[in-house]
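See structure below.
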Amino acid sequence: MKKPLTLSIVIPAYNESRYIEGCLSAIAGQEVMPDEVIVVDNGSTDDTAKKAAQFPFVRVINEPKPGITSARNRGFNAAKSDLIGRVDADSRIAPDWAGRVKADFIDKELKAVTGPGLAFTFSENFGLRSRAWSIVYLMASNSFFHARILWGANMAIRNQIWQSIRSETSTDDKLVHEDQDLSLLLAGHGYKVKQDFKLLIDTESRASSYHKISKFKQYIKRSQNTKKLHDSKGTLKKESALSYPFSLWALGVVICAIPSLTFVISSYIWHWLRLDRSSD
């Protein structure tokens, strides 16, 4: 009988005291428990590590070099399982998350998988939560990069594949988005990536911070830098790239633009109202 696949979950964490217990409690409630859970404390100045260590199934390791890429790499390199899952500390995975990841990887050709997240659709003050924003992000990213993109807050990769490409990843968080960088490396090698829209997390999400134009522009700039980096390296070969007819690309732009504009405009309205009230 073939040995079942094992799964490690890696959680990079920097000053996540407010969220880490909710994240780990969701893991404790899994229908199929992961085989290993690693919290990477990235130099926190609060009690993130202490709270994480209270969960008996958690291994806390330290990564003193600041940055999400350094923390991710430290956790991925320490993982002992066949599969490495990664979620953000402010996220809570669905009860079937670990089981679904293992089921997806029954496909021997599959090298990585990602999924959406329930998050605030508009400003968090409006309270409406859905998968819309993360699905729009995946659709827009697929079109922009011509590759299936992993969302770092909700993903898993085969350990063997990580070991084979880890030396090729960029370590400059100010230049690239680490999840997009990893996605393009996978595409460049011709590896199969799946976007499983039933692989769900619930996230507090820092997406609300991108309502600020300066932050949003910074995010877009790093995406452009990621693409330029891989274009210059010739990572993404034509035969491994996703191709879209112009009509589908145009439809994608419209679909993505409507919720994106609504997202930003609703935030500005809310902040304007709040500022107006505070001035009374």
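Here are the numbers for the structure shown:
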{"item": "Hits in region 133-160 - residues which are more than 18 Å from Lys237 (Cα to Cα) and either surrounded by fewer than 18 Cβ atoms within 10 Å (Cβ to Cβ) or of a type in the set (Ser, Thr, Tyr) (or both)", "result": "Ser134, Tyr137, Met139, Gln160"}
{"item": "Residue match in region 22-37 (condition: over 20 Å from Leu83 (Cβ atoms), within 21 Å of the chain's Cα centre (by Cα) and surrounded by fewer than 24 Cβ atoms within 10 Å (Cβ to Cβ))", "result": "yes"}
{"item": "Odd one out for Leu5, checked against (1) under 18 Å from the mean Cα position of the chain (by Cα); (2) open to solvent by 10 Å² or more (accessible area, probe 1.4 Å); (3) closer than 18 Å to Gln163 by Cα", "result": "(1)"}
{"item": "Residue that is modelled with the lowest pLDDT, among those in region 122-180 that are more than 16 Å from Arg86 (Cβ to Cβ) and part of a strand (DSSP E or B)", "result": "Arg129"}
{"item": "Residues satisfying the stated conditions in region 182-231, i.e. over 22 Å from Trp97 (Cα atoms), at pLDDT below 90 and part of a loop (DSSP other than H, G, I, E, B)", "result": "Lys212"}
{"item": "Tally, over region 105-117, of residues that are open to solvent by 20 Å² or more (accessible area, probe 1.4 Å) and either closer than 18 Å to Leu150 by Cα or not in a loop (DSSP other than H, G, I, E, B) (or both)", "result": "3"}
{"item": "Any pair with Cβ under 6 angstrom, 6 or more apart, that starts in region 95-111 at a residue that is over 18 Å from Gln160 (Cα atoms) and ends at one that is open to solvent by less than 50 Å² (accessible area, probe 1.4 Å) and among the polar types (S, T, N, Q)", "result": "Ala98/Gln30"}
{"item": "Any hit, region 54-65, residues being open to solvent by less than 60 Å² (accessible area, probe 1.4 Å), modelled with pLDDT of 95 or more and under 18 Å from Gln30 (Cα atoms)", "result": "yes"}
{"item": "Of all residues making up region 161-186, the number that are under 17 Å from Met139 (Cα atoms) and open to solvent by 10 Å² or more (accessible area, probe 1.4 Å)", "result": "2"}
{"item": "Positions within region 58-89 being farther than 16 Å from Val101 by Cα and assigned to a strand (DSSP E or B), in sequence order", "result": "Val58, Arg59, Val60, Ile61, Asn62"}
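The values are calculated or read from the model by the stated rules, or taken from the named source; none is laboratory data. Being a predicted model, the structure only gives us computed values, none of them experimental. Positions of Cβ are backbone-derived with ideal geometry, glycine not excepted, and every protein chain shown enters the neighbour counts. All accessible areas refer to the heavy atoms of the entire protein, side chains included, with ligands and DNA or RNA removed. Shrake-Rupley method; radii C 1.70, N 1.55, O 1.52, S 1.80 Å.
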